[in-house]
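This report concerns only the one structure given below.
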Amino acid sequence: MQISENSPTVLVVEDDPNIVHMVSIILNKSGIKTVGARDGEHALEMLNQMMPNLIISDIMMPNMDGYAFRRELLKRDEARLIPFFFLSAKGKPHDIVHGMELEADTYIPKPFEPDVLLAKVKAVLRRYSHLNELLQYDALTKVFNRRTLEANLSAELNRVKRYKQPSSIMLLDLDHFKNINDTYGHDFGDMVLKKISSALLENMRDTDYVGRIGGEEFVLVMPNTEKKTGVLAADRLREIIARLVFDTAGLHVTISAGIATAPEDAEDIEGLMKKADLALYKAKDSGRNRVLAAE
Ligand SMILES: [Mg+2]
């Protein structure tokens, strides 16, 4: 199986490069990406910039051993949820008990059986991919939920600061959605939300992502996008949505949107949303079915 951008990533924390190499060969053959860290300290640094799907950690390592590393992870809200395996030459029952007390998913003694390691990795990746879907996506529309959208946007704004490249957001709201719910009922309203979400997912640019942050309110994040380009991309989506037909009588639903760009309008989520919201309000006020940029 080939490794692609969407392949799951396993962080291998291990001071013995031969073991890292061996684990990598086994997992890479099955289309699973691997990244190595030489000890616990190094791994913690790497976790500030990446979110692996699984961590496999040795125990005996210099600087920070596997137990200390695991205890550190358990203090962190997001990182403690990443599936975690111990892989260690310490294979006595009390070692395994101690490892499991630190909330490991499993404990694999060295030397290990490649097939068993691979089977355990695959099982946990499959189970967590279902769980992640439940945790990250809005159940109705299948776009990101508010929490995931904000976590991704926050990481995006860190990159804006570091690399001095602008990123834009599109805050969009369905026009007269309350009327639609009142006239056609909530099931119909749900269908409208689903159809508009699919249109956004299908037509947004590859690097963009979208989340539902309220009843009929969405945020589309456009990384590495200056304001002018963001407005054009947003307006294209507005047009596509305005052309959709929702019933046999030819009902159309439009959106209004406000665009804000980091860092020029604001550098944090709150400020950026406020600016986009002001622009959205003006778009509504000046007739709806339009995109306006923050000033
Ligand atoms: Mg070691």
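The values are calculated or read from the model by the stated rules, or taken from the named source; none is laboratory data. Keep in mind it's a predicted model, so treat the numbers as computed, not measured. Here the Cβ positions follow ideal geometry from the backbone for every residue, glycine too, while neighbour counts run over all protein chains shown.
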Q) Among the residues of region 181-202, is any over 20 Å from the mean Cα position of the chain (by Cα) and within 16 Å of Ile259 (Cα to Cα)? A) no
Q.
Looking for something within 21 Å of the chain's Cα centre (by Cα), farther than 22 Å from Glu226 by Cβ, among the basic types (Lys, Arg) and not assigned by TED's automatic domain parsing to the domain that holds Gly287 - is there at least one such residue anywhere in region 123-141?
A. yes
Q. How many residues, within region 99-108, are within 16 Å of the ligand (Cβ to nearest atom) and assigned to a helix (DSSP H, G or I)?
A. 1
Q) When you look at Thr229, is it among the polar types (S, T, N, Q) and under 16 Å from the mean Cα position of the chain (by Cα), yes or no? A) no
Q. Do you know which residues across region 110-157 are closer than 17 Å to Glu78 by Cα and polar (S, T, N, Q)?
A. Ser129, Asn132, Gln136, Asn145, Thr148, Asn152, Ser154
Q | Close pairs (8 angstrom Cβ cut-off, 6 or more residues apart or separate chains): in a helix (DSSP H, G or I) in region 12-28, within 11 Å of the ligand (Cβ to nearest atom) anywhere | A | Ile19/Asp58; Ile19/Leu87; Ile19/Lys110; Val20/Glu14; Val23/Glu14; Val23/Leu87
**Q.** Residue that is farthest from the ligand (Cβ to nearest atom), among those in region 57-66 that are within 28 Å of the chain's Cα centre (by Cα) and either more than 29 Å from Arg147 (Cα to Cα) or part of a loop (DSSP other than H, G, I, E, B) (or both)
**A.** Gly66
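Tell me, which residue of region 70-91 that is away from the ligand (no atom under 16 Å from the Cβ) and either in a loop (DSSP other than H, G, I, E, B) or among the β-branched types (Val, Ile, Thr) (or both) is surrounded by the fewest Cβ atoms within 10 Å (Cβ to Cβ)?
Ranking the qualifying residues of region 70-91, first place goes to Asp77.
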